[in-house]
Amino acid sequence: MFRLIYTMPLYKVCLVMVLILVLWAYYRAYLPKKLFWSMNLCVLVLSAFAVLYLTVFSRKVGTYDVVLAPFSALREAKAEPERYRSMLMNVFLFFPLGMACANAFSDKMKMRRRVILVVAIGFALSTAVEYIQYRFSLGMAETDDVICNTLGAFVGSLSVILADFLGKHKKK
């Protein structure tokens, strides 16, 4: 499935992310709580597995490189437009994880705190993945990957805000 998404035009990937975000927020607002929590748990586990599989377990030990300059991928993308796709795929990879993680916390927790916590979790997981890739020679360890992955977790966490808006709208 990730290959299918990787071959899509970039604007379609963005549209898919928006559609998923809106649907997930709608499900959170309108589905019975137990059903949504079960679905959310499945998405959380599957997305965590997908992140680890695609970034660590599917890689072969080989050469590695480290790029610590933030936003170097944006500079490279001017000459090599495929880098935009790579950055968007890093955002997309952590998007479902951020979405499910934000919805896994208690409703009593303030939304701002949930979003901040999800961003911190996304940052920590992404940093750990990049360190593992560096430490075990599993590919490039890049600062830009951490930035894009964290952005993906943040964008996914916005589903909580949208769900809250829909929930308030539902009550009227």
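The values are calculated or read from the model by the stated rules, or taken from the named source; none is laboratory data. Note that the structure is predicted; figures quoted are calculated from it, not measured. Cβ coordinates were reconstructed from backbone atoms using ideal geometry, including for glycine residues, and neighbour counts include every protein chain displayed. Note: areas computed on protein heavy atoms with side chains; ligands, DNA, RNA excluded. Shrake-Rupley method; radii C 1.70, N 1.55, O 1.52, S 1.80 Å.
Counting only heavy atoms of the protein chains and using a 1.4 Å probe, residue 55 has close to 10 Å² of accessible surface.
Each residue was assigned an accessible area with a 1.4 Å probe, and for residue 76 the value is about 80 Å². Projecting label points 7 angstrom from Cα along Cα→Cβ for residue 109 and residue 84 puts them 3.5 nm apart. When the surface is traced with a 1.4 Å probe over the full set of protein chains, residue 59 keeps roughly 90 Å² accessible.
Given a 1.4 Å probe and heavy atoms of the protein chains only, how would you sort 28, 135, largest accessible area at the top? Before the final figure, lay out each step's value.
Numbers: 28 45, 135 130 Å².
The ordering from most to least exposed comes out as 135, 28.
Could you please put 5, 121 in sequence from largest to smallest accessible area, using a 1.4 Å probe?
In descending accessible area the options line up as 121, 5.
Net charge near residue 120: determine it from the other residues with C-beta under 12 Å of the C-beta of residue 120, scoring Lys and Arg +1 and Asp and Glu -1.
Working: positive: 113, 114; negative: none.
Here the count lands on +2.
Under 5 Å from the amide H of residue 140 lie the amide H atoms of 65, each residue being 5 or more positions distant or on a separate chain, with H modelled from the backbone and absent for Pro and chain starts.
Shape verdict for region 1-62, please, from the Cα gyration tensor: rounded (a/c under 1.5), prolate (a/b greater than b/c) or oblate. The partial results should precede the final answer.
Values: a/c = 4.36, a/b = 1.42, b/c = 3.07.
The shape class here is oblate.
Could you calculate the FRET efficiency of residue 23 with residue 65 from 1/(1 + (r/R0)^6), where r is the beta carbon distance between them and R0 is 30 Å, rounded to 0.05? Efficiency computed from Cβ-Cβ geometry: 0.20.
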